[in-house]
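Shown next, in structure tokens, is the structure this report addresses.
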Amino acid sequence: IEASLKIGTITGLIGTPIGALIGWLVTTAILFGILKIFKSQGTFKQFMSVTGYSIVITLVYYILSAAVSFFSGELLLNTSMAVLVPEMKGSYIYGVLRGLDAFTLWYYAVIAVGIAVVSKLNKAKVYTIM
């Protein structure tokens with residue numbers, strides 16, 4: 001058990017950054033491909049820049065979550081819109097709001113604005129794609 005724990009720790013420390021980098025490349029490539037179908041003017045490097053800067057938002061969430069979990073003892077930081085209406089718990093609207101996370105919305109909004117500028121496409125079209 002101790003040997004597998006040591007191997008798991010090393011694998012996690014090496015695999016996590018590599019997996020994040022691969023995920024970033026794949027996500028950007030898919031977005032780039034979709035927007036090239038719509039005659040985007042942006043380069044892959046510009047798309048990488050936009051998506052890379054948006055990942056900083058996710059990093060802010062993880063840092064904030066770590067700080068809150070350190071003081072509260074809970075591993076989950078609830079930043080969904082449902083925290084605004086706790087009295088509606090159990091309703092359909094509450095379920096929909098539970099799926100809308102403030103950091104995720106911020107992340108996609110930054111990507112949408114950046115891609116609209118880089119791709120030189122109609123903003124409404126880019127926002128719809130995002």
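The values are calculated or read from the model by the stated rules, or taken from the named source; none is laboratory data. Here the structure is a predicted model, which is why all the values come from computation and not from measurement. Cβ sites come from the backbone with ideal geometry, for glycine too, and all protein chains shown count toward neighbours. In case anyone asks, the SASA skips ligands and DNA or RNA and just uses the protein heavy atoms, side chains included. Shrake-Rupley method; radii C 1.70, N 1.55, O 1.52, S 1.80 Å.
Each row is one residue, and each column tells you yes or no for (1) assigned to a helix (DSSP H, G or I); (2) surrounded by fewer than 16 Cβ atoms within 10 Å (Cβ to Cβ); (3) of a type in the set (Asp, Glu).
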position	(1), (2), (3)
21	yes, yes, no
28	yes, no, no
36	yes, yes, no
42	no, no, no
45	yes, yes, no
62	yes, yes, no
95	yes, yes, no
110	yes, no, no
126	yes, no, no
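Residues considered: 13, 5, 77. Of these, the only one that is at pLDDT below 85 and either among the acidic types (Asp, Glu) or outside any helix (DSSP H, G or I) (or both) is 77. Among the residues in segment 61-71, are any in contact (Cβ under 8 Å) with a residue 60 or more places away in the chain, in contact with a Leu (Cβ under 7 Å, 6 or more places away or on another chain) and not hydrophobic (A, V, I, L, M, F, W, C)? No, every residue in segment 61-71 fails to be in contact (Cβ under 8 Å) with a residue 60 or more places away in the chain, in contact with a Leu (Cβ under 7 Å, 6 or more places away or on another chain) and not hydrophobic (A, V, I, L, M, F, W, C). The number of residues in segment 112-123 that are out of contact with any Ser or Thr (no Cβ under 6 Å at 6 or more places or on another chain) and either among the polar types (S, T, N, Q) or open to solvent by 60 Å² or more (accessible area, probe 1.4 Å) (or both) comes to 5.
Filtered by the rule that a residue be of a type outside the set (A, V, I, L, M, F, W, C) and modelled with pLDDT under 85, segment 88-124 gives 89, 90, 91, 94, 95, 98, 99.
Provide a single number: the residues in segment 24-70 that are among the small types (Gly, Ala, Ser) and within 16 Å of residue 121 (Cβ to Cβ). Going through segment 24-70 one residue at a time, the tally reaches 3. Which of the residues belonging to segment 49-60 are open to solvent by 30 Å² or more (accessible area, probe 1.4 Å), of a type outside the set (Val, Ile, Thr) and modelled with pLDDT of 90 or more? 49, 53, listed by residue number. Scan segment 79-90 for residues that are without any contact (Cβ under 8 Å) to a residue 24 or more places away in the chain and surrounded by 12 or more Cβ atoms within 10 Å (Cβ to Cβ) and the total you get is 5. In segment 41-49 there is no residue matching the filter, namely being in contact (Cβ under 8 Å) with a residue 24 or more places away in the chain and more than 24 Å from residue 128 (Cβ to Cβ).
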